[in-house]
Amino acid sequence: MSIWFGAVIYTGGLGIGQTFDWVVAAIIADDGFHAEILIFTLLLGSGVALIWRLGGAIAIQEIASKRLETRRKVGIVAWLLGMALFFDDYANTAIIGNTMRETSDRVNISREKLSYIVDSTAAPVATIGISGWVAFQLSMINEAFSNIETGAGVQTPDVFTVYLQSIPYNAYAILAIVMVGVIVVTQRDYGEMLTAERRAWETGKVNDDDADPLQEVEGHLSDPITDRPMLRTFLLPIVVLIAVTIGSALRTGYDGQPVIESLLAGEFATFVETATTIAGNGSWTTALVWGSFAMVSTAFGIGIVYGLFTADEGIDAILEGFELMLTAVTILILAWSISTVADALGTGAYVATLVEGTIPVALFPVAVFITATFISLTMGSSWATMSLLTPVAISVAFDLTGGFGLAPVTVGAVFSGAIFGDHTSPISDTTVLSSTFTGADLVDHVRTQAYYATTVATVVVVCYLLYGFFAVPPLVFLPIGVVLLVGLVYGLSEFDANRRGIDVGTVRRDVDPTGQDADSEHGTAPEGTD
């Protein structure tokens with residue numbers, strides 16, 4: 001008894017007991033939000049394992065080899081898919097990562113590049129589309145407004161209207177999506193990504209020799225069925241996942257709103273607001289669990305109906321899928337635990353108060369963006385950053401101006417900084433999942449993506465300075481930002497290649513599966529061309 005009592009005192013004195021409390025709190029936080037993400041991740045791993053076992057990856061590879069014959073085309077398709085799957089960032093990374101991995105490997109695109117494409121479209125698209133992010137963002141704006149005591153003659157604006165007005169000011173999300181398009185279309189790289197792409201191009205190694213991918217399907221799962229590869233074994237489970245997820249989310253968010261009636265009546269603005277409210281109120285994490293379970297059930301049913309495997313073999317594949325995702329699940333739990341610790345220590349609130357009363361109005365958007373970046377980088381959660389900073393930032397903006405005129409740009413700057421910090425943080429859940437589903441090394445993904453994310457962030461700061469000092473509206477500073485991005489990509493890629501003594505023509509060649517240049521008849525790309 002004395003030994004047990006002493007052990008309790010000893011571990012408590014070291015803070016181990018508190019550590020486990022934080023870990024448990026991180027898993028059950030937000031009414032089970034994190035627990036549902038873990039279930040979704042494990043089920044999705046089982047779905048991937050079943051599709052692999054059924055030969056779905058082989059079937060999609062055979063189809064893609066006939067149509068996606070160049071690196072540029074593969075990159076563009078991955079980018080477009082990232083924008084199309086706007087309803088959830090987790091599902092976005094999972095579906096596109098698993099869909100495009102084999103195809104990108106075939107044309108020697110590095111796993112780091114694929115992870116970048118997936119990660120830099122997932123959260124940016126979700127934050128400005130109809131998704132679960134919208135409800136969260138609306139709730140944060142509403143909380144901020146409810147905490148502000150307005151004087152006579154000052155009317156609190158509509159929350160949804162402020163959210164819509166903030167979208168153009170969410171410059172990082174918009175320009176990050178544009179940046180991916182510029183990179184995949186021009187085939188220009190710099191920094192660590194240039195190293196990764198050159199390695200993949202010259203040696204065929206999509207991962208570095210020292211890489212430790214979070215998910216490597218080939219090494220963890222049973223051999224796929226190769227005698228009867230059918231496209232339906234890949235597409236049908238994915239379609240079911242998307243359909244059930246969206247349908248379930250809309251069903252949980254619907255509460256008798258007259259969405260169809262407003263559309264038929266020609267009230268488009270009302271229809272958009274109602275549809276966004278329904279999507280925003282939906283329980284997207286619960287819907288993802290249902291969708292992933294439906295995906296597993298569908299793939300399992302296909303295997304049984306077509307006689308591709310026995311029930312025991314199907315169950316073995318499901319368990320292999322669970323094992324496949326254990327590393328990602330572990331990192332997610334640890335990342336959430338760190339966020340819980342930072343929250344308990346008041347890290348976000350402390351950092352937010354540092355700028356209060358010390359920043360002029362013209363620099364305020366930049367200050368909010370940098371503050372949000374730091375919080376998100378250290379906590380590894382864009383949502384935690386939004387929840388901590390949005391109410392404080394809007395309150396400070398109100399005190400600076402005596403009104404809500406800065407509210408849209410403040411909200412946009414918070415969201416921008418939260419996503420930028422998320423993209424450069426190795427403990428971010430979306431960063432972890434992006435590298436997981438593309439089979440990339442987590443550290444390699446963060447290191448290579450950081451160059452491009454920082455480039456976008458630099459342009460965002462310029463945009464906010466144009467707004468703050470010269471009142472340049474988004475309709476003007478966003479096109480300027482796009483031009484700056486294109487110029488920086490061309491300039492930095494040329495500078496980095498020349499600095500290393502690399503023939504840029506051999507790095508940017510666009511090739512087909514046979515190894516011949518798609519744009520060059522004789523297999524040699526001219527200097528500076530694609």
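The numbers here are math on the coordinates, done by the rules we state, and not lab data. Computed from a predicted structure; not experimentally measured. All Cβ positions, glycine included, derive from the backbone under ideal geometry; neighbour counts span all protein chains shown.
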How much net charge surrounds I315 when only the other residues with a Cβ under 14 Å from the Cβ of I315 are counted, with Lys and Arg +1 and Asp and Glu -1?
-> -4
Quick calc: nm separation of the 7 Å Cα→Cβ label points for Y490 and Q155 -> 4.8 nm
For I419, what is the net charge nearby, where nearby means another residue's Cβ is under 13 Å from its Cβ and Lys, Arg count +1, Asp, Glu -1?
-> -4
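Using the per-residue mean of other Cβ atoms lying within 10 Å as a proxy for protection, in what order, highest first, do the peptides 288-299, 490-501, 117-128 fall?
Working: 288-299: 24.1, 490-501: 14.3, 117-128: 28.2.
Packing proxy ranking, top to bottom: 117-128, 288-299, 490-501.
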If you add up the charges near L42, with Lys and Arg at +1 and Asp and Glu at -1, over every other residue whose beta carbon is less than 12 angstrom from its beta carbon, what do you get?
-> -3
Give me the number: length gained by fully extending S139 to L326, i.e. 0.36 nm times residue separation minus the C-alpha to C-alpha distance, one decimal in nm.
-> 64.1 nm
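Would you please put 266-278, 370-382, 390-402 in order of how densely packed they are, using the mean number of other Cβ atoms within 10 angstrom per residue and starting with the highest?
Numbers: 266-278: 15.9, 370-382: 25.2, 390-402: 20.2.
By packing density, highest mean first, the sequence is 370-382, 390-402, 266-278.
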